[in-house]
Every structure is written in structure tokens, then in C-alpha cells.
Amino acid sequence: MPLTLDDFDYLLPPEQIAQAPLADRSASRLLVLDDGELLDRHFSDLPQYVRPGDLLVFNDTRVIHARLYGVKETGGQVEVLIERAVGSNEALAQVRASKSPRAGSRLRLADAFDVTVLGRVGEFFHLRFPAGEDLYALLERHGKLPLPPYIERSADDQDETRYQTVYAREPGSVAAPTAGLHFDQKMLVELQKMGVQGAWLTLHVGAGTFQPVRVNDLGEHRMHRERYVIPQETVDAIAATRAAGGRVIAVGTTSLRALEGAAQDGTLDAGSGETEIFILPGYRFQVADALITNFHLPKSTLLMLVSAFAGMEPIRRAYAHAVREDYRFFSYGDAMFITRRHDAI
């Protein structure tokens with residue numbers, strides 16, 4: 001039977017959607033799903049579930065100040081959410097307005113600078129920003145941090161640090177790689193002392209990560225594109241881990257998507273590219289043996305991904321358990337540690 005959207009639905013009480021981070025990053029709960037067995041733990045217990053010689057692959061992207069407010073030439077208000085840069089002073093963006101701006105028109109943003117609307121690229125607007133100034137520096141000064149749509153408040157000073165991982169360094173994302181938000185420096189040092197290795201890649205998360213799947217027949221769904229960079233050092237570290245019998249553990253679905261997107265021909269190569277990989281149950285994973293991840297939205301492509309990784313029935317059981325046990329969900333919520341089921345369906 002072909003998979004449908006309803007296969008990935010579940011009921012979530014709204015009060016379990018985390019609206020703010022906990023005081024300490026590693027204080028979140030951790031639901032361990034290991035070969036079908038469920039264990040209730042805390043994220044500070046993670047060192048019990050990784051081994052010397054394992055390799056954690058982190059996404060070092062940094063969330064940019066991607067949300068801007070302004071006016072059209074006609075005076076109408078606009079809200080701009082940058083999707084991704086496409087050059088030194090151009091970007092694709094979502095633009096919300098009472099009437100869509102025309103190609104060739106200008107938008108005055110943050111009462112500070114003008115951008116030109118070059119046209120449409122699918123659902124996004126192609127915008128040209130002022131020349132001669134770094135786009136990310138301009139956004140950092142005049143934009144606002146974009147929290148996910150299910151967080152029902154504006155970003156505050158706390159979010160400036162807590163909606164970034166402690167190892168964020170490459171600007172370009174409009175959403176955080178949220179599994180990494182649970183790691184603090186103390187945890188990273190503890191894992192290193194244990195002999196757990198770390199490696200890095202960059203995948204810039206687009207706003208498309210929050211877009212709902214709009215078709216019931218999943219074969220008709222088309223994924224959004226996200227840009228990634230995988231250094232040679234990371235490819236070498238993965239090969240060395242495999243040779244020594246260690247496990248490759250993806251920290252977050254973003255790291256997993258980058259690795260699997262780059263290894264679709266069967267070989268993981270270093271370099272940069274864009275991935276629109278859509279992972280459904282039945283997919284054969286090439287790289288990762290385990291996954292650290294948050295809980296994902298009903299009917300989302302990320303819920304489909306973790307169902308492919310662990311099996312549909314174990315994930316359904318895990319999510320039902322998490323709802324019943326009052327886990328916190330989504331970006332500022334709790335985490336899971338999942339070992340891959342090689343026979344997952």
C-alpha cells in the first residue's frame with residue numbers, strides 16, 4: 001500500500017509545544033529508542049548511550065536575523081523572511097503583504113535600506129539588496145531572529161543565544177538545527193574525554209522545513225532545497241570510524257539529510273551542493289547508525305524521516321509514549337536518541 005499523509009499523523013495537546021527553552025541546555029528529557037525498547041532519560045544521560053570510538057556529526061550552521069519588516073512604494077506593509085542567499089547581495093525570500101509586490105518595485109525595509117524585487121522563483125521572491133555591503137552583516141543589524149511559527153511570541157534577548165547551538169559559526173540558516181541546542185560546553189568536553197569523536201558539516205536550514213505537506217499521495221510531494229558543505233575531514237573521520245567499528249551518530253535531521261543527500265550514489269564525497277532528498281520508510285540509509293533529534297510536527301517530512309530510520313511502528317509507539325508522559329515538543333522541546341533499525345519499515 002502506498003504511504004499517505006495520514007500515516008504520519010498524531011494528536012498533540014497544544015500545551016506540550018515548548019514555548020521557551022529550559023534554564024539549562026542539557027536539562028531536557030531524552031527518550032531513548034534502542035531496537036524497539038523505550039527508555040525515559042535526561043539529555044545529561046547521553047554519555048551512557050554513546051561509546052568510545054563513536055563519531056558525532058554536528059551541523060555548525062548559524063541562524064541569521066532573517067525577518068524584516070517594511071513598506072512597499074505604495075505604503076502597504078510587508079514582512080520579509082529570507083529563505084537563502086543567492087549571491088553577495090541577493091536572496092530568495094517569502095514576502096507577506098496585502099498584495100504581492102511587482103517585479104521591478106522597491107521595498108523599504110527596517111526604515112534603513114531599499115531592496116529591489118527582481119521577480120519570482122517558485123513560491124519565493126528574488127530580492128536584490130544594496131551592493132557593497134555584506135548581506136549577513138546587513139541582516140544582523142536590521143533584521144530580527146525568526147522563531148518557528150508554533151512559538152507564539154516574538155524573539156527576545158534570551159533567544160539570541162538559546163536559539164543558536166554553542167558551536168554555531170557559519171551564518172545562513174533561518175531555523176536552528178534544534179537537536180544541537182541540547183549540547184553545552186560541559187557535555188562536549190565530557191564526550192571528548194570519553195573518546196567520542198566530533199566532526200562538522202554545514203546545512204543551512206530553510207523556512208521550508210516548517211512548510212506542511214499539502215498532498216495526501218506522498219509520491220507527489222516535492223521537497224525544498226537546502227545547501228550543504230561537507231569537509232574532507234568529516235568524510236575521513238566517518239571512514240576512520242567505520243574502519244574501527246565505531247558508530248556514526250547524526251546530531252539532528254539536518255546533519256542526517258546532508259550526509260544522506262551527499263551519499264545518494266553510494267559514496268560519501270566531500271564538497272558542497274544542494275539537497276532536496278525526501279526520505280520515507282523503505283529508504284536505505286548509507287551513513288548514519290544513530291540519530292539525536294527533537295520531536296517533529298504531525299504530518300511533517302521530518303516525522304517521515306525518523307519513521308524511515310527507526311521503523312513506523314516504533315516511532316508511533318514512541319510518540320504516543322512521549323505525549324502520554326508529557327514530553328515537551330518541537331524546537332525548544334525534548335530530544336530522542338534513536339538507533340537505526342536495519343529492517344525498518
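The values are calculated or read from the model by the stated rules, or taken from the named source; none is laboratory data. Small disclaimer: the values here were computed from a predicted structure and weren't measured. Methodologically, a virtual Cβ is constructed for each residue, glycine included, from the backbone with ideal geometry; neighbour enumeration extends over all protein chains shown.
So here's what we get for this one:
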{"item": "Helices (runs of 4 or more DSSP H) completely within the range 218-327 that count 3 or more residues being charged (D, E, K, R)", "result": "232-243, 312-324"}
{"item": "Unmet criterion (only one of (1) more than 13 Å from Ile292 (Cβ to Cβ); (2) among the aliphatic types (A, V, I, L, M); (3) part of a loop (DSSP other than H, G, I, E, B)) for Val50", "result": "(1)"}
{"item": "Those residues of the range 80-99 which are loosely packed, with under 14 Cβ neighbours inside 10 Å and either charged (D, E, K, R) or over 17 Å from Glu133 (Cβ atoms) (or both), in sequence order", "result": "Arg96, Ser98, Lys99"}
{"item": "One residue from Arg51, Arg29 being basic (Lys, Arg) and either farther than 22 Å from Met336 by Cβ or over 21 Å from the mean Cα position of the chain (by Cα) (or both)", "result": "Arg51"}
{"item": "Cross-chain or 6+ apart pairs with Cβ under 8 Å, the range 46-73 first and touching a residue at least 24 places away in the same chain (Cβ under 8 Å), then of a type in the set (Asp, Glu) and not in a strand (DSSP E or B)", "result": "Pro47/Glu190; Ile64/Glu140; His65/Glu140; Gly70/Asp111"}
{"item": "Any chance Thr301 is buried (at least 22 other Cβ atoms within 10 Å of the Cβ) and in contact (Cβ under 8 Å) with a residue 40 or more places away in the chain", "result": "yes"}
{"item": "Selection from the range 45-61 of residues that are surrounded by 19 or more Cβ atoms within 10 Å (Cβ to Cβ) and either of a type outside the set (Asp, Glu) or modelled with pLDDT under 95 (or both)", "result": "Leu46, Val50, Leu55, Leu56, Val57, Phe58, Asn59, Thr61"}
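Residues are listed down the side, and each one gets a yes or a no for (1) closer than 25 Å to Glu15 by Cβ; (2) more than 18 Å from the chain's Cα centre (by Cα); (3) in the same structural domain as Arg225 (by TED's automatic domain parsing):
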position	(1), (2), (3)
Asp269	no, yes, yes
Phe285	no, yes, yes
Leu291	no, no, yes
Pro298	yes, no, yes
Arg316	yes, yes, yes
Tyr327	yes, yes, yes
